[in-house]
Amino acid sequence: MFTGLIADMGSLLSVERGDDGATLRIGTSLARAMAAGDSIAVNGVCLTATHVGSGEFEAQAIRETLERSTLGALSPGDAVNLELALRADGRLGGHIVQGHVDGVGAIAELREEGFSRVVAVDADHELLPYVVQKGSIALDGISLTVSALREGGFEVSLIPETLQRTTLGRAVVGQAVNLEADILAKHVQRLLEVRA
């Protein structure tokens, strides 16, 4: 489990692709706190570290993960949001994030409002019932609050700290982003379906 509070912005050092998936090698200062077998969220996707070296780690992503997230489009040199799994004695400062991507959205608009930047995101209609104003959503693993709903999507407002510490500070219109809806909303929806 994760919180959506990004601990480091790492860099994809290399990617080895094969028929079954890919091995990602990522440079990060978090490596010193990691061991092989640890879970780590990479742009919001929960992966397992298969090897940890000095200032870097490797993780494998199966073909389904590459197809259902933005990880398949990464190239060496790309920045990635990283978060280590939450410890049982840790603080839940964001919201409950599983690292299970529900879909890929696209940035539709960027605009400045005071010291914040508003990011409008288009999302698949299957995901939108789980998105509520003032509710939580994870974009590329970042825990954010939905500031507004819009036709075909939603908006979030980013403070300067988020822009500086995450890849969303470099975001451009048209960019694909991993989306994970609030797990509580998904459970409520499932319970309502079962009772119907």
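The values are calculated or read from the model by the stated rules, or taken from the named source; none is laboratory data. Here the structure is a predicted model, which is why all the values come from computation and not from measurement. Cβ sites come from the backbone with ideal geometry, for glycine too, and all protein chains shown count toward neighbours. All accessible areas refer to the heavy atoms of the entire protein, side chains included, with ligands and DNA or RNA removed. Shrake-Rupley method; radii C 1.70, N 1.55, O 1.52, S 1.80 Å.
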(request) Given the options HIS51, HIS100, HIS125, state which has the largest fluctuation in a GNM of the chain using a 10 Å cut-off (strictly under) for Cα springs. (result) HIS125
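Where the accessible area of the chain is counted over protein heavy atoms with a 1.4 Å probe, how much of it, in %, is carbon and sulfur? Could the numbers behind the result be given before it?
Details: 5010 of 10160 Å².
Answer for the chain: carbon and sulfur cover 49 percent of the accessible area.
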(message) I need the Debye-formula profile for the range 1-132: one equal scatterer per C-alpha, no solvent, reported as log10 I(q)/I(0) at q = 0.15, 0.17, 0.22 1/Å, two decimals.
(response) -0.80, -1.00, -1.39
(request) Report the residue, chosen from THR166, THR70, THR23, that carries the largest GNM mean-square fluctuation when the chain is represented by alpha-carbon nodes joined by springs under 10 Å. (result) THR23
(request) Kindly provide the GluC sites (Glu not before Pro) of the range 96-170 that DSSP labels as loop, not H, G, I, E or B, and whose Cβ sees at most 10 other Cβ atoms within 10 Å. (result) GLU126, GLU151
(message) To test your reading of the geometry: what angle, between 0 and 90 degrees and rounded to tens, separates the Cα axis of helix 183-195 from the longest principal axis of the chain?
(response) 60
(request) Loop only per DSSP, at most 16 neighbouring Cβ atoms within 10 Å: give me the chymotrypsin sites (Phe, Trp or Tyr not before Pro) in the range 78-163, ordered by residue number. (result) PHE115
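Are there trypsin sites (Lys or Arg not before Pro) in the range 90-169 that DSSP marks as loop and that have at most 10 other Cβ atoms within 10 Å, and which are they? It would help to have the intermediate numbers written out before the result.
Numbers: sites: ARG91, ARG111, ARG117, LYS134, ARG150, ARG165; in loops: ARG91, LYS134.
Listed in order of number, the matching sites are ARG91, LYS134.
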(request) Between LEU144, LEU168, LEU92, find the one with the highest GNM mean-square fluctuation for the chain; connect C-alpha pairs within less than 10 Å. (result) LEU92
(request) Show the residues, 5+ positions off or on another chain, whose built amide H is closer than 5 Å to the amide H of ASP102. (result) LEU179, GLU180, ALA181
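What whole-number value in Å² describes the accessible area per residue of the range 26-135 for a 1.4 Å probe?
Details: 5720 Å² over 110 residues.
With the other protein chains kept in place, the range 26-135 gives 52 Å² per residue.
What do you get for Rg/Rh of the range 45-196 when both radii come from the Cα atoms and Rh is the Kirkwood radius? Working shown, then result.
Details: Rg = 16.1 Å, Rh = 16.6 Å.
Taking Rg over the Kirkwood Rh, I get 0.97.
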(request) Calculate for the chain the 222 nm mean residue ellipticity that helices alone would give, adding -39,500 (n - 2.57) per DSSP H run of length 4 or more and normalising by residue count, nearest 500 deg cm²/dmol. (result) -3500 deg cm²/dmol
